[in-house]
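The values are calculated or read from the model by the stated rules, or taken from the named source; none is laboratory data. Computed from a prediction, not measured in an experiment: that's the story for all the values here. Ideal geometry is used to build each Cβ from the backbone, glycine not excepted, and the neighbour counts take in all protein chains shown. Keep in mind that these areas ignore ligands, DNA and RNA; they rest on the heavy atoms of the full protein, side chains included. Shrake-Rupley method; radii C 1.70, N 1.55, O 1.52, S 1.80 Å.
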Amino acid sequence: MPPALVSFDGVNSRNGVAPPDTNGDVGPNHYVQWVNFSYAVWSKQGRCSTGPSNGNTLWSGFGGMCETRNNGDPIVLYDPIADRWFLSQLAFIDPSEYHQCIAVSQTADPTGAWYRYDFSFRPRC
């Protein structure tokens, strides 16, 4: 395998949480990484264009627990067919209220606008 064309440091452990739940994906023009409670967006040239920012900032102005809580367990996916980004994290008040916060980019640009969703669920036990 050929060596990487660009190498740069990703999101550090800025929230002081261990282990680092590191998650990221690469699209045609960007790399998005989320570590525990913080995410950042880089160009493929290694220039940081967004962040690191707390994950719940994706839901700023959305209201509810997705905007006010930042509980991590992130997922970052790029969908090459839809040419969109999918970012998700948990928001909860243990043990009573749990939410899966999902953001889907409105375009191929992960620094732009997002469609945002909040799915709440309660444990069965």
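Could you list, in sequence order, all residues of segment 82-95 that are farther than 19 Å from residue 111 by Cα and assigned to a loop (DSSP other than H, G, I, E, B)?
94, 95
Among the residues that make up segment 100-107, is at least one of them more than 17 Å from residue 23 (Cβ to Cβ), surrounded by 16 or more Cβ atoms within 10 Å (Cβ to Cβ) and either small (Gly, Ala, Ser) or without any contact (Cβ under 8 Å) to a residue 12 or more places away in the chain (or both)? The answer is no, given that none of the residues of segment 100-107 is more than 17 Å from residue 23 (Cβ to Cβ), surrounded by 16 or more Cβ atoms within 10 Å (Cβ to Cβ) and either small (Gly, Ala, Ser) or without any contact (Cβ under 8 Å) to a residue 12 or more places away in the chain (or both).
Here are some residues: 26, 41. Which one is out of contact with any helix residue (DSSP H, G or I) (no Cβ under 8 Å at 6 or more places or on another chain), of a type outside the set (S, T, N, Q), open to solvent by less than 60 Å² (accessible area, probe 1.4 Å) and at negative phi?
After ruling out the rest, the residue left standing is 41.
One residue alone among 9, 94, 79, 73 is open to solvent by 60 Å² or more (accessible area, probe 1.4 Å), under 25 Å from residue 122 (Cβ atoms) and free of Cβ contacts under 8 Å to residues at least 12 places away in the same chain, and that residue is 94.
For every residue, the table says whether it meets (1) closer than 20 Å to residue 119 by Cβ; (2) among the acidic types (Asp, Glu); (3) in contact with a Phe, Trp or Tyr (Cβ under 7 Å, 6 or more places away or on another chain); (4) part of a helix (DSSP H, G or I).
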residue: 41; (1), (2), (3), (4): no, no, no, no
residue: 45; (1), (2), (3), (4): no, no, no, no
residue: 53; (1), (2), (3), (4): no, no, yes, no
residue: 57; (1), (2), (3), (4): yes, no, no, yes
residue: 61; (1), (2), (3), (4): yes, no, no, no
residue: 66; (1), (2), (3), (4): yes, no, yes, yes
residue: 70; (1), (2), (3), (4): yes, no, yes, no
residue: 73; (1), (2), (3), (4): yes, yes, no, no
residue: 77; (1), (2), (3), (4): yes, no, yes, no
